[in-house]
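Below: the structure, in structure tokens.
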Amino acid sequence: MCYRITILALLAIVGLINAHIYLEEKFDNGNWDDTWIYSKHPGKEFGKFAHSSGSFFNDAEADKGIQTSQDARFYAVSRKFDGFSNEDKPLVVQFSVKHEQNIDCGGGYVKLFDCSLDQTDMHGESPYEIMFGPDICGPGTKKVHVIFSYKGKNHLINKDVRCKDDVYTHFYTLIVRPDNTYEVLIDNEKVESGNLEDDWDFLAPKKIKDPNSKKPEDWDDKPTIADPDDKKPEDWDKSEHIPDPDATKPEDWDDEMDGEWEPPMVDNPEYKGEWQPKQLDNPNYKGAWEHPEIDNPEYIPDNKLYLRKEICKLGFDLWQVKSGTIFDNVLITDDIELAFNAAANVKNTQAGEKKMKEIQDEVQRKKDEEEAKKASDKDDEEEDDDEDEKDESKPDKDQSEHDEL
């Protein structure tokens, strides 16, 4: 028994040794910008990140991240780490996002670059390997971007992966495996998964319609036909509208001035619509014609769609109309379990944030009520003062009568 436990412990240690953490950033000190580089790309008005846990949090220190601090700004900051390839092993990209400003339009994603990126010139057109994370703009766009570069072109996922749109912290996790499968998790719960070839247009389709085939001219794909023996009844045709039989010419109607009077038109109760013959099953019906397919000569399989030959920089390159988003808990690794454990406490973080925010909201509600009451009392006082001024401006009745005498 002891021997078995020793072996299990040894395997666990070996697993930890073999696991790689390529980047881990918790922004747990104020010197974060010693290792993160701001872009100075010309022509962009970039905003600054603040080191903050926000206005409500679970743990003031542990929840500190970098927060967008200026409205209507581009943001571009990146960090370098030792370059790596994910060949023959999983790639896990994970980070947390907190849109505590109740974002209306703006990005919350990260980009992974190879080593060729000039960090001081990073901008929206800089080539990247992977773009992943939430993007919100109005009620119509609330998605998780999962974009891969393949042979110089960026490919968006073919599925609609919905992101969280509340004001609390959420962990976003992308797992790419060497068998060309993937998973997207939010708060450690799988929201999407599948195969890279199926869910992105990396490759030409395996099959295409045979260009040399076309529907035969005698192919009958009409399931029914008109009954040739069905005839339209003689009394079928009736006008859709008729003069109102109950209408009478107004007594004040002047034919010379108003013209010849005509009764208004009303729906004809005897109108039956356009006549159509009865339909019969078509004896020559062959079904819907399906275009034959052939193997696509341009299709070239690739069992390494997952492969990123070099990754060594991560950046936040985005635009926000309303600032306030906090990014934290950045992790790039090949250890899926490690990433899962790193995000395991998110529910407690959210609970602490909600509790603090509810207290703040209640305080604000009472403050708003007090201010509204003060404003109402002030309006009442001003109305009373106006009434007093009116009363003072009226002459005394006895004095007026005395003056008249």
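The values are calculated or read from the model by the stated rules, or taken from the named source; none is laboratory data. The shown structure was predicted, so the numbers you read here are calculated from the model rather than taken from an experiment. Methodologically, a virtual Cβ is constructed for each residue, glycine included, from the backbone with ideal geometry; neighbour enumeration extends over all protein chains shown.
Only a single item in (1) touching a residue at least 12 places away in the same chain (Cβ under 8 Å); (2) out of contact with any Gly (no Cβ under 6 Å at 6 or more places or on another chain); (3) surrounded by fewer than 19 Cβ atoms within 10 Å (Cβ to Cβ) is not met by LYS98, and it is number (3). Please enumerate the residues belonging to the stretch 266-302 that are exposed (fewer than 12 other Cβ atoms within 10 Å of the Cβ) and outside any loop (DSSP other than H, G, I, E, B). Hits for the stretch 266-302 are ASP267, ASP281, ASP295.
Inspect all residues belonging to the stretch 155-163 and state whether any of them is out of contact with any Gly (no Cβ under 7 Å at 6 or more places or on another chain), part of a strand (DSSP E or B) and closer than 28 Å to ILE37 by Cβ. Working first, answer last.
Step one: filter the stretch 155-163 for residues out of contact with any Gly (no Cβ under 7 Å at 6 or more places or on another chain), giving 155-163.
With the extra rule that they be part of a strand (DSSP E or B), the set shrinks to 155-156, 162.
Checking which are closer than 28 Å to ILE37 by Cβ leaves us with 155-156.
Scanning the stretch 155-163 turns up at least one residue that is out of contact with any Gly (no Cβ under 7 Å at 6 or more places or on another chain), part of a strand (DSSP E or B) and closer than 28 Å to ILE37 by Cβ.
For the stretch 111-128, the set of residues classified as surrounded by 20 or more Cβ atoms within 10 Å (Cβ to Cβ) and over 18 Å from HIS41 (Cβ atoms) consists of LEU112 only. Against the numbered list (1) under 25 Å from GLY124 (Cα atoms); (2) at pLDDT below 95, TYR22 comes up short only at (2). Checked against the criterion of being of a type outside the set (Ser, Thr, Tyr), modelled with pLDDT of 95 or more, in a strand (DSSP E or B) and touching a Phe, Trp or Tyr at 6+ places or on another chain (Cβ under 9 Å), the stretch 120-128 contains not a single residue that satisfies it.
Annotation: of all residues in the stretch 308-359 being polar (S, T, N, Q) and within 23 Å of ASP71 (Cα to Cα), the one that is surrounded by the most Cβ atoms within 10 Å (Cβ to Cβ) is THR325. For the stretch 189-204, which residues satisfy the criterion of being touching a Lys or Arg at 6+ places or on another chain (Cβ under 9 Å) and part of a loop (DSSP other than H, G, I, E, B)? Within the stretch 189-204, PHE202 is the sole residue that qualifies.
Anything in the stretch 349-379 that is among the hydrophobic types (A, V, I, L, M, F, W, C) and over 20 Å from GLN101 (Cβ atoms)? List them, or say none.
ALA351, ALA372, ALA375
Can you tell me which residues in the stretch 129-144 are part of a strand (DSSP E or B) and not basic (Lys, Arg)?
At the first step, the residues of the stretch 129-144 found to be part of a strand (DSSP E or B) are 130-137, 141-144.
Once the filter is applied, which keeps residues that are part of a strand (DSSP E or B) and not basic (Lys, Arg), the stretch 129-144 yields ILE130, MET131, PHE132, GLY133, PRO134, ASP135, ILE136, CYS137, THR141, VAL144.
Working carefully through the options ASP252, ASP179, find the one that is part of a loop (DSSP other than H, G, I, E, B), exposed (fewer than 12 other Cβ atoms within 10 Å of the Cβ) and modelled with pLDDT under 90.
Details: ASP179 fails: modelled with pLDDT under 90.
Of ASP252, ASP179, the one residue that is part of a loop (DSSP other than H, G, I, E, B), exposed (fewer than 12 other Cβ atoms within 10 Å of the Cβ) and modelled with pLDDT under 90 is ASP252.
Flag not set for LEU305, criterion: among the aliphatic types (A, V, I, L, M) and not in a loop (DSSP other than H, G, I, E, B). Residues in the stretch 318-339 include at least one that is within 26 Å of the chain's Cα centre (by Cα) and assigned to a helix (DSSP H, G or I). Annotation note: of SER213, SER239, SER193, the sole residue that is of a type in the set (Gly, Ala, Ser) and under 24 Å from VAL110 (Cα atoms) is SER193. The single residue among ALA72, ALA60 that is without any contact (Cβ under 8 Å) to a residue 60 or more places away in the chain and either within 28 Å of the chain's Cα centre (by Cα) or on the phi < 0 side of the Ramachandran plot (or both) turns out to be ALA60. Set side by side, the residues ASN195, ASN212 differ, and just one is closer than 30 Å to TYR285 by Cα, polar (S, T, N, Q) and free of Cβ contacts under 8 Å to residues at least 24 places away in the same chain, which is ASN212. Only one of the numbered conditions (1) over 30 Å from THR224 (Cα atoms); (2) within 50 Å of the chain's Cα centre (by Cα) is not met by PRO269, and that is (2).
Name every residue in the stretch 236-249 that is within 30 Å of ALA226 (Cβ to Cβ), assigned to a loop (DSSP other than H, G, I, E, B) and either touching a strand residue (DSSP E or B) at 6+ places or on another chain (Cβ under 9 Å) or of a type in the set (Gly, Ala, Ser) (or both), in order of residue number. Break it down into steps so the answer makes sense when it comes.
Initially, the stretch 236-249 is screened for residues within 30 Å of ALA226 (Cβ to Cβ), giving 236-242.
Next, only the ones that are assigned to a loop (DSSP other than H, G, I, E, B) stay: 236-240.
Listed by number, the residues that qualify are SER239, GLU240.
PHE57 fulfils the conditions (1) surrounded by fewer than 16 Cβ atoms within 10 Å (Cβ to Cβ); (2) farther than 26 Å from PHE113 by Cβ except for a single criterion, (1). Test PHE84 against the stated conditions and say whether it is under 24 Å from the mean Cα position of the chain (by Cα), modelled with pLDDT of 95 or more, crowded, with 18+ Cβ neighbours inside 10 Å and among the hydrophobic types (A, V, I, L, M, F, W, C). So PHE84 does not fit the description; no.
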